[in-house]
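Participant: Input: one structure, supplied below.
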C-alpha cells in the first residue's frame, strides 16, 4: 500500500517507517524541514521525502489537498494538534483513503476515576493539549460512525526510547534528578511519591500503528490506549533508577505546593500537569482487538532511554 506519514521523522516515525518499509509498503514521509530520524536505518533510503509546512499550508487551505495529491491508501497523522487541522484533512481525504490513523495522547482522558483506565470510561480532559486532542478524537470517531470515514485514534502514553528525553521520576523532563539518583544523592518527591506516570517505548507505539492497519475492521471507528502493561509510581520509579547504578534511593517527600516551589520554572508546570493526571491506563483493548503486544515494560523502556542519555552526554553521573 501507499502510506503517507505526516511527521514521519519523529520519535515514533523513527521506528514506524522502517517497519512499514520491511512489510513491503511504499512510504512517503511528510515533514516541515530536513529533520532526520532519531536512529539510522537503511530502510529510509527507499522512503520518499516530502517537505510541507503544515501551519502555512493550512492557512492557505492547501494542506489536505496536497496530502491527497500524494495518492495515499493510508494516512498516518502524527502531528495533528487542533480540531480545525483534523477537519481540513478529513474533508480532503473523504472517499480517498482506506484508513486514516491519528496519533493522540492518553491525556484525552483527564483525571481517572478507576485505574487502570480503559477507553470506555468518561473523558473529562483538562489543559489545552488534552482538551484539543480529545476534541480531535471525538470528531474522528463521529466521522467514522456517522459518515464512514475510516478513522482510528491511537493514544500513546509518555513516549520514551533512545534519541529522546523522558518523563523522569519528578514527573517532567528534568534530567538532573536522574543524575542525582545515580550518584546516591538526595532527591525530593511530591507528597508521598505515589503519583503515577505511564510510559511506552516508541517502537511499541509503532507496533500498535502497524497492528491497527492489519486489523482494519477492528480498528476503524475506535480509539485505543497504547501504553506499557503497567504504570509507575514516582517513588517506585526513583528507587528503580537508583538501583540501576547500585545505589539506594535517598528520597525526601514534600507537600505538592511546597515541592513545586523547589523545581526549576521551566519544569514546574509540566511536573504539576503530569502529577495532576497521574496516568495509569490499560492496553487490554489494543491487545485484545489489535493483537498489540508491548515488548517493553515501563522500566525497561526508561532504562534504555537513560542509557542513551548518558552515552550522548545529556546526563552526567
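Taken together, the values in this text are just the output of simple stated rules run on the coordinates, not laboratory data. Everything numeric in this text was worked out from a predicted model, so none of it was measured. FYI the Cβ positions are ideal-geometry reconstructions off the backbone, even for glycines, and counts take in every protein chain you see.
Participant: Give me Rg over Rh for segment 1-120, both radii from the alpha carbons and Rh done the Kirkwood way, two decimal places.
Facilitator: 1.00
Participant: Let me ask something else about it. Could you sort the peptides 9-20, 95-106 by per-residue average Cβ neighbour count (10 Å cutoff), highest mean leading?
Facilitator: The densest-packed peptide leads the list: 9-20, 95-106.
Participant: Can I ask one more? Based on alpha-carbon centroids, what's the gap between segment 160-219 and segment 254-310 in Å, whole number please?
Facilitator: First find each Cα centre; the distance between them is then 4 Å.
Participant: Sticking with this one: Segment 99-219: D in µm²/s via Stokes-Einstein (Kirkwood Rh, Cα pairs, 20 °C, 1.002 mPa s)?
Facilitator: 129 µm²/s
Participant: Same structure again: Work out the FRET efficiency for residue 2 and residue 60 from their Cβ-Cβ distance, taking R0 = 30 Å, and round it to the nearest 0.05.
Facilitator: 0.75
Participant: Using helices alone, I'd like the mean residue ellipticity at 222 nm for the chain: each DSSP H run of four-plus residues gives -39500 (n - 2.57), total over residue count, nearest 500.
Facilitator: -12500 deg cm²/dmol
Participant: Work out, step by step, the length gained on full extension between residue 214 and residue 113: first 0.36 nm times the residue separation, then minus their alpha carbon distance; give nm to one decimal.
Facilitator: So the extension gain works out to 33.1 nm.
Participant: Using only the alpha carbons of the chain, determine the length spanned along each of the three principal axes and report them from longest to shortest in whole angstroms.
Facilitator: 58, 43, 38
Participant: To the nearest 10 degrees, how steep is helix 298-311 against the longest Cα principal axis of the chain, on a 0 to 90 scale?
Facilitator: Roughly 80 degrees between the two axes.
Participant: Say R0 is 45 Å: what FRET efficiency, to the nearest 0.05, do residue 123 and residue 317 get from their beta-carbon distance?
Facilitator: Computed FRET efficiency for residue 123 and residue 317: 0.65.
Participant: While we're looking at this one, here's another question. Which whole-angstrom value gives the distance between the alpha carbon centres of segment 237-251 and segment 5-39?
Facilitator: 35 Å
Participant: With only alpha-carbon atoms in the gyration tensor, what are the semi-axes of the equivalent ellipsoid for segment 58-157, in Å, largest first?
Facilitator: 26, 14, 11
Participant: From largest to smallest, what semi-axes in whole angstrom does segment 221-317 give when each is the square root of 5 times an eigenvalue of its alpha carbon gyration tensor?
Facilitator: The equivalent ellipsoid of segment 221-317 has semi-axes of 28, 20, 13 Å.
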